[in-house]
Amino acid sequence: MRGLVWFRRDLRLRDNPALSAACKECREIVPLFVFDEPLLRSHVFGSACVGFMLGCLDELRRSLAGHGLTLAWQTGEPIDTVLRMARDLAVDAVYWNRDYEPVALERDRTIRQRLAQQGRTVRTFKDHVVFEAEEVLGQTGQPFQRYSAYRDRWWIKWRAATPSVLPVPAFPSRHRGSVLDAVAWPSATALGYNPVPLWIEPGEQAAHARLQWFLRGPVHEYVSGRNLPAIEGTSKLSPHLRFGTISARTLVHAALGALSKGGRVSRADVFSWIDELVWREFFQQVLAAFPRVAEGPFKTKPGLPAPRPAGPDRNRLFAAWCQGQTGYPIVDAGMRQLNQTGWMHNRMRMVVASFLVKDLRIDWQSGERHFMQQLVDGDLAANNGNWQWCASRRFRAKSSIPRASTFAAMCRNWLTCRRN
């Protein structure tokens, strides 16, 4: 049997369920990546994100070549492209790992139906999260709307059905040499984006190296270090999670493994970091269960001030925020870092988001769109979830960490004292 493995947000060989299943079930596999032309034209994402993706793909291509496989690639509309490739390559089955964004869910339903009409088998797998939305539900069978309850049930699920981590699969001895072998790999410019220098090394090997660096150092003081933007206190693995160069399963197992080794690693530090991974899953669950959040607020809260009305004053303030020219040094530093590198510390993301919504009174959706266009780790679920959190559009979980608005207020008070 010949299988087509459609790589998407899973640019790695290790712990890749779709790839592992295809290698096990097929005598011959064809790896494929599709550059989504309509999405690229929309410029929802920026050059940093596209540049990092290209770096990850380049390493994936070299890794597959080491096993005698060519990563085929096409640019076009994904539905038509995958159907055409499946037909032209005469594959018996198509394999992919699932995505949970509303547009992706609809796209995948259409492709599945049309491949079935062609008489081809479709095999999809859970990968982007440890547990999918329907696996972590409340006692009534409904999805959770509060993080603390979701986290408790997530851990119950982990203990009851701990997922394993898959090794690099044994690849079939037969592989397809394709005319696509000679086609030049696209550049960022060819895709309509500017080439930008990356501050973080892309690819699967770099993801595992960064994980080991984090477990050897910053995780030991994560509870305090994660709140200090001036130090290397976080893992900075979010770009790798965004493009799947490492799996969330791998990260949780590695963190618990570090704790089991003893030494100076504390439970508070390790579980605080895992808590961030569970937050990521919560946002994915909310997006999958309540797709309306992609277009509007998850919750409305009485008493919130109305956003500033459209007009020159609003546009001037928003432009100053985007460019890092508000006059508030901590806000401007964060925004300039974002614009130059595609990255911003999580604490700073909350500060600048709170400043935009609570102080400048500009709608959170504008900030959300700007972040997606700049972030190297731009992810709809996480970006939307955190913006709505800062805008008080979600119920908050109890936390000992200062709220972003409180943190921003502290900064304003400090600046006032300095000026006086």
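Overview of values
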{"read-out": "Whichever residue in segment 27-44 is surrounded by fewer than 22 Cβ atoms within 10 Å (Cβ to Cβ), hydrophobic (A, V, I, L, M, F, W, C) and touching a residue at least 60 places away in the same chain (Cβ under 8 Å) and, among such residues, is farthest from P169 (Cα to Cα)", "value": "V44"}
{"read-out": "T326, sole failed condition from (1) assigned to a helix (DSSP H, G or I); (2) without any contact (Cβ under 8 Å) to a residue 60 or more places away in the chain", "value": "(1)"}
{"read-out": "Qualifying residue in segment 85-101 (condition: without any contact (Cβ under 8 Å) to a residue 40 or more places away in the chain, of a type in the set (V, I, T) and in a strand (DSSP E or B))", "value": "no"}
{"read-out": "Count of residues meeting criterion [touching a residue at least 40 places away in the same chain (Cβ under 8 Å), assigned to a helix (DSSP H, G or I) and of a type in the set (G, A, S)] in segment 253-278", "value": "5"}
{"read-out": "Leading residue by the ranking (nearest to M372 (Cα to Cα)) among those in segment 58-82 that are part of a helix (DSSP H, G or I) and without any contact (Cβ under 8 Å) to a residue 60 or more places away in the chain", "value": "P78"}
{"read-out": "Residues located in segment 198-208, provided they are outside any helix (DSSP H, G or I) and crowded, with 20+ Cβ neighbours inside 10 Å", "value": "I200, P202, G203"}
{"read-out": "Subset tally (residues that are at pLDDT 95 or above, surrounded by fewer than 21 Cβ atoms within 10 Å (Cβ to Cβ) and more than 15 Å from the chain's Cα centre (by Cα)) for segment 1-12", "value": "1"}
{"read-out": "Some residue of segment 223-238 being assigned to a helix (DSSP H, G or I), touching a helix residue (DSSP H, G or I) at 6+ places or on another chain (Cβ under 6 Å) and either at pLDDT 95 or above or not aromatic (F, W, Y) (or both)", "value": "yes"}
{"read-out": "Odd one out for E132 among (1) out of contact with any Asp or Glu (no Cβ under 7 Å at 6 or more places or on another chain); (2) within 28 Å of W185 (Cβ to Cβ); (3) touching a residue at least 40 places away in the same chain (Cβ under 8 Å)", "value": "(2)"}
{"read-out": "Candidate set from segment 265-305 (those that are surrounded by fewer than 16 Cβ atoms within 10 Å (Cβ to Cβ) and among the small types (G, A, S)); member that is farthest from W154 (Cα to Cα)", "value": "G303"}
{"read-out": "Residues of segment 209-235 classified as touching a residue at least 60 places away in the same chain (Cβ under 8 Å) and either among the polar types (S, T, N, Q) or surrounded by fewer than 19 Cβ atoms within 10 Å (Cβ to Cβ) (or both), total", "value": "4"}
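The rows are residues; the columns are (1) modelled with pLDDT under 95; (2) of a type in the set (S, T, Y); (3) in the same structural domain as E106 (by TED's automatic domain parsing).
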{"site": "D36", "(1), (2), (3)": "no, no, yes"}
{"site": "R41", "(1), (2), (3)": "no, no, yes"}
{"site": "F52", "(1), (2), (3)": "no, no, yes"}
{"site": "L57", "(1), (2), (3)": "no, no, yes"}
{"site": "G68", "(1), (2), (3)": "yes, no, yes"}
{"site": "T75", "(1), (2), (3)": "no, yes, yes"}
{"site": "P78", "(1), (2), (3)": "no, no, yes"}
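The values are calculated or read from the model by the stated rules, or taken from the named source; none is laboratory data. These figures come from a predicted structure and were not determined experimentally. Cβ sites come from the backbone with ideal geometry, for glycine too, and all protein chains shown count toward neighbours.
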